[in-house]
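Derivation of every value follows stated rules applied to the coordinates shown; laboratory data play no part. All of these numbers come straight from a predicted model, not from anything done at the bench. As a convention, Cβ positions derive from the backbone with ideal geometry for all residues, glycine included, and neighbour counts pool all protein chains shown.
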Amino acid sequence: MALSIYNSLAREKQIFEPVRPGRVHMYVCGPTVYNDAHLGHGKTYVNFDIIVRYLRYLGFQVLYVQNITDVGHILDSGEDRILKGAQREQMQPMQLVEHYTRRYFADMDRLNVLRPDISPRATGHIPEMLEWIQRLIDGGHAYVADGSVYFDVSSWESYGKLSGRRLEEAQTGTRVQLADDKRAPEDFALWRKAEPEHIMRWNSPWGVGYPGWHIECTVMSTKYLGQPFDIHGGGVENKFPHHESEIAQAEAAHGEGYARYWVHNGMLMIRGEEMHKSLGNFISLEAAFERWDPMAIRFFILQSHYRGPLDLTEESLDAAARGLERLYGTVRAVRRQLESAPAGEASPETLQMLDTARNAFEASMDDDFGTPGAIAALFDLSRATNVQLGTGLTQGDLMAIDGAFKRLAGDVLGVLPDELGESDAPELSRGLIELLIETRRNLRAARAFDLADQVRDGLGALGVQLQDGPEGTSWTIG
Ligand SMILES: [Zn+2]
């Protein structure tokens with residue numbers, strides 16, 4: 001089956017065809033590093049991590065670029081986010097950038113998000129931006145006004161083709177001093193004049209200033225990935241004006257065709273509301289990790305399709321953690337049995353079971369990276385495995401099953417660590433379960449079958465499933 005991707009630019013699912021055979025060049029808008037990453041960042045970068053991992057699973061050579069925005073991303077108040085953060089923390093801007101970049105990657109590491117191949121920083125690409133802006137001026141697509149340079153939206157007819165919008169309504173009435181020298185409200189800054197107190201500043205042919213946010217991504221993506229490249233990703237909230245403007249600048253300077261597939265992921269909501277500091281529901285990843293295992297958070301994110309919004313409640317995250325523990329229970333049981341299983345090849349039944357699981361998993365992932373269906377396929381495999389565990393599986397069977405979990409749940413979904421700890425169940429619980437299993441065995445030996453069944457059913461009601469096999473009784477949670 002071929003991979004299809006929902007392309008926001010075409011507003012439909014399309015069969016994926018890379019620009020360069022066998023290779024995928026992919027860019028995702030990275031964080032503006034002025035604050036700690038929050039759960040919304042977690043969703044975004046886990047969503048794109050899955051796309052990278054699945055493309056690699058399919059055999060593509062993926063070159064993944066995700067930038068670090070360290071200048072030019074302006075708040076509604078007109079302030080640069082980095083400068084605002086630097087004032088707040090009493091740091092130099094680049095000190096702040098370094099601090100939050102490190103913390104960002106540490107958070108992503110815990111979520112098992114693979115690092116991008118290249119993480120370019122905006123401040124490291126000022127000469128390329130100046131060149132690009134000059135080209136737009138020379139081509140009649142940008143103009144200088146009082147030391148700033150603006151993109152002339154009226155010069156670019158297809159502006160709006162991604163988002164269907166040309167004007168940022170919210171902008172009217174704000175940033176008055178910036179808007180004054182613009183010819184039209186929809187024009188956006190490529191280069192901003194730096195006021196004397198603005199400490200992040202560079203020389204340019206138009207005076208001392210700093211770059212606009214949109215030009216950064218156009219310049220950094222094409223520098224490393226060429227033009228056109230395959231996939232451009234980002235949060236749906238950045239479709240307009242950020243991505244729309246990226247396309248206009250790229251195509252006005254270097255002709256039609258910037259990124260082929262535009263992939264947008266949905267927002268994270270907290271109990272039905274957008275996460276926002278003013279609502280008091282802003283949850284940093286660091287705070288979330290205190291309450292939940294990062295793997296459970298990752299698993300929770302993947303239970304929804306990347307394009308949809310994801311509504312987080314404590315209950316739903318707890319449920320995800322329990323679901324993941326059920327999968328782990330099966331993998332642990334497989335690995336425990338492997339220690340004492342008889343030698344032998346994998347049986348045709350086992351291989352058939354794994355084929356079925358793999359096909360269902362790939363069919364879901366091929367359909368626009370459908371992680372919910374992929375997870376459902378893993379739960380089906382888990383249930384089928386639990387049934388098989390009591391039937392005297394050989395080492396070959398168990399290794400094949402373990403291998404499938406490692407590949408699908410580990411390599412692709414990134415929710416199964418290579419080394420699975422013995423159990424998250426506290427030692428006491430494990431001890432009690434083993435004790436009850438022994439008691440049940442003794443009751444059966446004494447032919448007190450009713451009492452033995454009571455023990456089994458009681459454990460089952462608590463979510464502990466027993467499997468009787470030739471080697472004795474094993475158990476899984478789930
Ligand atoms: Zn961007």
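Can you list, largest first and rounded to whole Å, the semi-axes you get for the chain by taking the square root of 5 times each eigenvalue of its Cα gyration tensor?
Equivalent ellipsoid of the chain: 53, 24, 17 Å, largest first.
About the Cα centre of the chain, how large is the charge dipole given +1 on each Lys and Arg Cβ and -1 on each Asp and Glu Cβ? Please answer in debye to the nearest 20.
280 debye
Not counting the cut sites, what is the longest span of the chain without GluC sites (Glu not before Pro) that DSSP labels loop and that have at most 11 other Cβ atoms within 10 Å?
1-156
Output the 0 to 90 degree angle, nearest 10, between the alpha-carbon long axis of helix 314-338 and the longest principal axis computed from the alpha carbons of the chain.
50 degrees
For helix 395-405, what angle does its Cα long axis make with the longest principal axis of the chain, in degrees from 0 to 90 and rounded to 10?
30 degrees
Over the range 427-477, calculate the relative contact order: mean separation of alpha carbon pairs under 8 Å at least 6 apart, over the residue count, as a percent.
It rounds to 22 percent for the range 427-477.
Semi-axes, largest first, in whole Å: what does sqrt of 5 times each Cα gyration tensor eigenvalue give for the range 289-412?
Three semi-axes, in Å: 28, 17, 10.
Rounded to the nearest 5, what % of DSSP beta bridges with both residues in the chain are antiparallel?
In the chain, approximately 55 percent of DSSP beta bridges are antiparallel ones.
Roughly how many Å is it from the Cα centre of the range 19-57 to that of the range 212-258, as a whole number?
15 Å
Could you please rank Asp397, Asp468, placing first whichever residue has the fewest other Cβ atoms within 10 Å of its Cβ?
Listing Asp397, Asp468 from fewest to most nearby Cβ atoms yields Asp468, Asp397.
Could you work out the helix-only [θ] at 222 nm for the chain, with each DSSP H run of four or more residues adding -39,500 (n - 2.57) and the total divided by the number of residues, to the nearest 500 deg cm²/dmol?
Dividing the helical sum by the residues of the chain leaves -14000 deg cm²/dmol.
If Lys and Arg each add +1 and Asp and Glu each add -1, what is the summed charge of the other residues whose beta carbon sits under 11 Å from the beta carbon of Leu354?
My count for the surroundings of Leu354 gives -2.
If one takes the longest principal axis of the Cα atoms in the chain, at what angle in degrees, from 0 to 90 and to the nearest 10, does the Cα axis of helix 244-254 lie?
The two axes meet at around 60 degrees.
Check the straight Cα-Cα distances from Lys43 and name the lysines below 18 Å, setting aside those fewer than 8 residues away within the same chain.
Filter leaves Lys239, Lys277.
Where does each of Ser204, Ser474 land when they are ranked from fewest to most other beta-carbon atoms within 10 angstrom?
The fewest-first ordering by Cβ neighbours comes to Ser474, Ser204.
According to the square roots a ≥ b ≥ c of the eigenvalues of the Cα gyration tensor, what is the shape class of the range 17-265, taking rounded for a/c under 1.5, prolate for a/b larger than b/c otherwise, and oblate for the remainder?
Oblate.
Could you please rank Cys29, Cys217, placing first whichever residue has the fewest other Cβ atoms within 10 Å of its Cβ?
Cys29, Cys217
If you plug each phi of the range 9-15 into the Karplus form 6.51 cos²θ - 1.76 cosθ + 1.60 with θ = phi - 60°, what whole-Hz ³J(HN,Hα) values come out, in order, with x for Gly and Pro?
5, 8, 6, 7, 6, 10, 5
If you add up the charges near Phe369, with Lys and Arg at +1 and Asp and Glu at -1, over every other residue whose beta carbon is less than 14 angstrom from its beta carbon, what do you get?
0
Using Cα-Cα distances under 8 Å and only pairs 6 or more residues apart, what relative contact order does the range 221-309 have, in percent?
Averaging sequence separation for qualifying contacts and normalising by length gives 30 percent for the range 221-309.
Give the relative contact order (percent, whole number) for the chain; include only Cα pairs under 8 Å separated by 6+ residues.
16 percent
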